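K.L.:
Below you will find the structure I want to go over with you.
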Amino acid sequence: MAKIGIDLGGTKIEIVALGDDRRELFRKRVATPKGDYWAIISAIVELVKITERKLGERGTIGIGTPGATSLATGLLRNSNSTCLNGQPLFEDLQRILDRTLRIENDANCLALSEALDGAAAGKEVVFGVIVGTGTGGGIVVHGNIIKGVNAIAGEWGHNPLPWPHHDETPGPQCYCGRHGCIETFLSGPGMSNDHQRVVKTRLTPESILIGALRGDPACELTLQRYEDRMARSLASVINILDPDIIVLGGGMSKIKSLYENVPKRWDNYIFSDRVDTLLVQPKHGDASGVRGAALLWENE
Ligand SMILES: [Zn+2]
């Protein structure tokens, strides 16, 4: 049976179908309807219909989404697509799609995909990070997702930015209700907001990056602040989890300089005389999260 994965992101919904050998049979993406829970449900159901028509069969379905289903209430929470929070996403989709689904945090899906046969293949402890619309994290140990007793293992995006400088506290207001969360600095909007605070000009992360590459001093400084904040944020994870490898996904993971400059900077914060932790891009690129969602049914 084909394994279908759905990545429900803040800006796009992507579907993939994998064959038994994990070969990609079909893939499609659509824009995420803004702020409308039932429009999002309809878009997902439509994508499944299109995919299964192509396949000529029903598949297993795994879903990756920011946030997680609360073990207490069965409702989705902690998603940066805030219209999903408080909704019985899992239950509604199971009923409408008429089958048992598996749902996981999107960073857990990325970590799983990369741990099974990607950039982290053969590594014992993998920390997967999504830095895009939001900031999430997931942990895979020996090829298994660590869920945690509260289903929040690896969720580092709403910890406060560690080792803050005086101008970083209390920090920007976050949708979660707190100030100065890692996400308010490391997400794409976080970088744009930071640049605007300092330079008084609104630029997209892409424009800031292009500016930095062309030698614009303000853009270079924004990028350096971003790298140092990522180094501090990851150092606090390394000090607790000590993963073999950290895989970065999401839009911000495309910034090439991170892979060289962040490990140079994190040495200042990690409690070890030598740091062997690797920081890498996903082998499966943008498709890694959606693959991981499909691979939630790998052990059947
Ligand atoms: Zn927050």
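The values are calculated or read from the model by the stated rules, or taken from the named source; none is laboratory data. In this text the structure is predicted, and so the values were computed from the model without any measurement. Here Cβ is always computed from backbone atoms with ideal geometry, including for glycine, and neighbour counts include all displayed protein chains.
K.L.:
Test I130 against the criterion of being closer than 25 Å to L258 by Cα and either aliphatic (A, V, I, L, M) or crowded, with 16+ Cβ neighbours inside 10 Å (or both), and give yes or no.
P.N.:
It is true that I130 is closer than 25 Å to L258 by Cα and either aliphatic (A, V, I, L, M) or crowded, with 16+ Cβ neighbours inside 10 Å (or both).
K.L.:
Here is a further query. Is there any pair with a first residue in region 269-289 that is more than 30 Å from G9 (Cβ to Cβ) and a second that is part of a helix (DSSP H, G or I) and among the β-branched types (V, I, T) whose Cβ atoms are under 8 Å apart and which are 6 or more apart or on different chains, and what are they?
P.N.:
I270/I238; V275/I238
K.L.:
Quick check on L209: is it touching a Cys at 6+ places or on another chain (Cβ under 8 Å) and part of a loop (DSSP other than H, G, I, E, B)?
P.N.:
no
Yes/no matrix, rows are residues, columns are (1) in a loop (DSSP other than H, G, I, E, B); (2) closer than 21 Å to L223 by Cα; (3) hydroxyl-bearing (S, T, Y); (4) modelled with pLDDT under 95:
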| residue | (1), (2), (3), (4) |
| --- | --- |
| A121 | yes, no, no, no |
| G136 | no, yes, no, yes |
| V140 | no, no, no, no |
| K147 | yes, no, no, yes |
| P162 | yes, yes, no, no |
| C176 | yes, no, no, yes |
| F185 | no, yes, no, no |
| N193 | no, yes, no, no |
| L203 | yes, yes, no, no |
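K.L.:
Restricting attention to region 290-300, which residues are assigned to a loop (DSSP other than H, G, I, E, B) and either touching a residue at least 40 places away in the same chain (Cβ under 8 Å) or closer than 12 Å to G128 by Cβ (or both)?
P.N.:
E298, E300
K.L.:
Taking region 104-119 as the region of interest, how many residues are in a strand (DSSP E or B) and in contact (Cβ under 8 Å) with a residue 60 or more places away in the chain?
P.N.:
1
K.L.:
Test each condition in (1) free of Cβ contacts under 8 Å to residues at least 40 places away in the same chain; (2) more than 16 Å from the ligand (Cβ to nearest atom); (3) closer than 30 Å to V140 by Cβ for V199 and report the one that comes out false.
P.N.:
Answer for V199: the failing condition is (3).
K.L.:
Among the residues of region 134-161, count how many are touching a helix residue (DSSP H, G or I) at 6+ places or on another chain (Cβ under 9 Å), away from the ligand (no atom under 14 Å from the Cβ) and of a type outside the set (A, V, I, L, M, F, W, C).
P.N.:
The total comes to 6.
K.L.:
Now a separate question. Report yes if some residue within region 202-223 is buried (at least 17 other Cβ atoms within 10 Å of the Cβ) and within 16 Å of the ligand (Cβ to nearest atom); otherwise report no.
P.N.:
Checked against the condition, which is being buried (at least 17 other Cβ atoms within 10 Å of the Cβ) and within 16 Å of the ligand (Cβ to nearest atom), region 202-223 yields no hits at all.
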